[in-house]
Amino acid sequence: MNKLNPLTSLTQAEFDFLLTEFSKQVEDKILHFTLKGKRRSYPKFNESKLSSLYGSSIKLEFILIYLKEHPSQRFMGSHFNMSQSKVSEWIAFLLPVLLNSLKKCSLTFHAIDSFDIPENLDYILCDVTERQVARSIDYDVQKEYYSGKKKMHTVKNLAFSDHTGFIHFISNTYEGSVHDKSIWDDLVIKESSINILVDLGFLGADKNSENIIMPYKNSKNKKLSYLQTQINKGISSLRIRVEHAFSGVKRLKILNQKTRLKISNIHDILMKIGVGLHNLRVKFRTYAK
């Protein structure tokens, strides 16, 4: 039985699977870049044994623990016996490596604005997830990120998942003020006979497509019939699985808390890594059965 490491959320088999590709990616980056991200004048073929994180396995463990637990960099430095500044450098160095590794394993996807629905599915689930971000000191930026629904400053992503929770598509990251339907309108969803189950946040999307299934909307003037209520319950019982998928992605505490990182496009990077790690767990724990 493969033992689960609570600090990384992966079993040993899942960790080893990811490590194979991660090792290739990190070795290639060390070959051409310094820890500070500067391109080397000449390739460096061997990593120094004096490195504060020597070997691919400890590097992968380091970045997974940081994402899963989101401790302070001071704590990470104490745990891995390095300075806080060195922790910051390793995080910036390893995040793109981890993302590229997940992409190479087909566990997360490049930023695209079109989606081909897999034809082997009976149906696919679509929803938007939000997560809180730090409030900007710029008032105009505050307005862009303020979500009236959540009453806080957020970013959001649209995702498509199947009944197992495997996420087949994740959109780019949008500001919290952007409506769910606006994100949908930005996407090019190629024609398919597969039914798409959505919630009332996508009201109007069903006008241009016959295969979009949406709950009936209740109103003061016209109450839902018993049949409509039962249909809504049936749709909800299926759509709950996309919410479970989002819960799996947010097992990374860094996606549940306000990140302190200032890296460019950090919200996009973290979400795609979260999706990739979630899909890895689904692949091993569901598809392998």
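For the range 180-209, which positions are over 21 Å from the mean Cα position of the chain (by Cα), more than 24 Å from Asn232 (Cα to Cα) and in contact (Cβ under 8 Å) with a residue 60 or more places away in the chain? Lys190 - this is the single residue of the range 180-209 that is over 21 Å from the mean Cα position of the chain (by Cα), more than 24 Å from Asn232 (Cα to Cα) and in contact (Cβ under 8 Å) with a residue 60 or more places away in the chain.
Do we have any residue at all in the range 7-20 that's touching a residue at least 40 places away in the same chain (Cβ under 8 Å), closer than 20 Å to Ile254 by Cβ and open to solvent by 40 Å² or more (accessible area, probe 1.4 Å)? Yes, because at least one residue in the range 7-20 is touching a residue at least 40 places away in the same chain (Cβ under 8 Å), closer than 20 Å to Ile254 by Cβ and open to solvent by 40 Å² or more (accessible area, probe 1.4 Å). Filtering the range 44-94 down to residues that are over 16 Å from Arg260 (Cα atoms) and surrounded by fewer than 11 Cβ atoms within 10 Å (Cβ to Cβ), which residue is modelled with the lowest pLDDT? It comes out as Phe45. In this structure, Ile189 qualifies as modelled with pLDDT under 90 and crowded, with 17+ Cβ neighbours inside 10 Å.
Here are some residues: Thr286, Thr259, Thr229. Which one is polar (S, T, N, Q) and free of Cβ contacts under 8 Å to residues at least 40 places away in the same chain? Within the list Thr286, Thr259, Thr229, the selection yields Thr229. Residues in the range 28-36 include none that are at pLDDT 95 or above and either open to solvent by less than 20 Å² (accessible area, probe 1.4 Å) or more than 23 Å from Lys104 (Cβ to Cβ) (or both). I'm trying to understand the selection: among the residues of the range 231-243, which are of a type outside the set (Lys, Arg) and farther than 18 Å from Ser171 by Cα? Those that are of a type outside the set (Lys, Arg) and farther than 18 Å from Ser171 by Cα: Ile231, Asn232, Gly234, Ile235, Ser236, Ser237, Leu238, Ile240. Might you check whether a residue that is assigned to a helix (DSSP H, G or I), surrounded by 12 or more Cβ atoms within 10 Å (Cβ to Cβ) and over 20 Å from the mean Cα position of the chain (by Cα) occurs anywhere in the range 238-249? Yes, the range 238-249 contains a residue that is assigned to a helix (DSSP H, G or I), surrounded by 12 or more Cβ atoms within 10 Å (Cβ to Cβ) and over 20 Å from the mean Cα position of the chain (by Cα). Before we move on, is Gly176 at pLDDT below 95, in contact with a helix residue (DSSP H, G or I) (Cβ under 7 Å, 6 or more places away or on another chain) and of a type in the set (Gly, Ala, Ser)? When the stated conditions are applied, Gly176 passes them. Pairs linking a residue in the range 36-52 that is closer than 21 Å to Ser23 by Cβ to a residue that is among the hydroxyl-bearing types (Ser, Thr, Tyr) and surrounded by 10 or more Cβ atoms within 10 Å (Cβ to Cβ), with Cβ atoms under 7 Å and 6 or more positions apart or on different chains, are Arg40/Thr34; Glu47/Tyr54. Out of everything in the range 192-208 that is crowded, with 16+ Cβ neighbours inside 10 Å and assigned to a helix (DSSP H, G or I), what residue ends up being modelled with the lowest pLDDT? Looking at the filtered set, the residue picked out is Ala205. Ile137 fulfils the conditions (1) open to solvent by 50 Å² or more (accessible area, probe 1.4 Å); (2) within 26 Å of Thr108 (Cβ to Cβ); (3) out of contact with any strand residue (DSSP E or B) (no Cβ under 6 Å at 6 or more places or on another chain); (4) without any contact (Cβ under 8 Å) to a residue 40 or more places away in the chain except for a single criterion, (2).
The values are calculated or read from the model by the stated rules, or taken from the named source; none is laboratory data. Quantities reported herein were computed from a predicted structural model and do not represent experimental measurements. Heads up, the Cβs are rebuilt from the backbone with ideal geometry, glycines too, and the neighbour counts pull from every protein chain shown. Ligands, DNA and RNA are stripped out before the accessible areas are found, and what is left, the full protein with its side chains, is counted by its heavy atoms. Shrake-Rupley method; radii C 1.70, N 1.55, O 1.52, S 1.80 Å.
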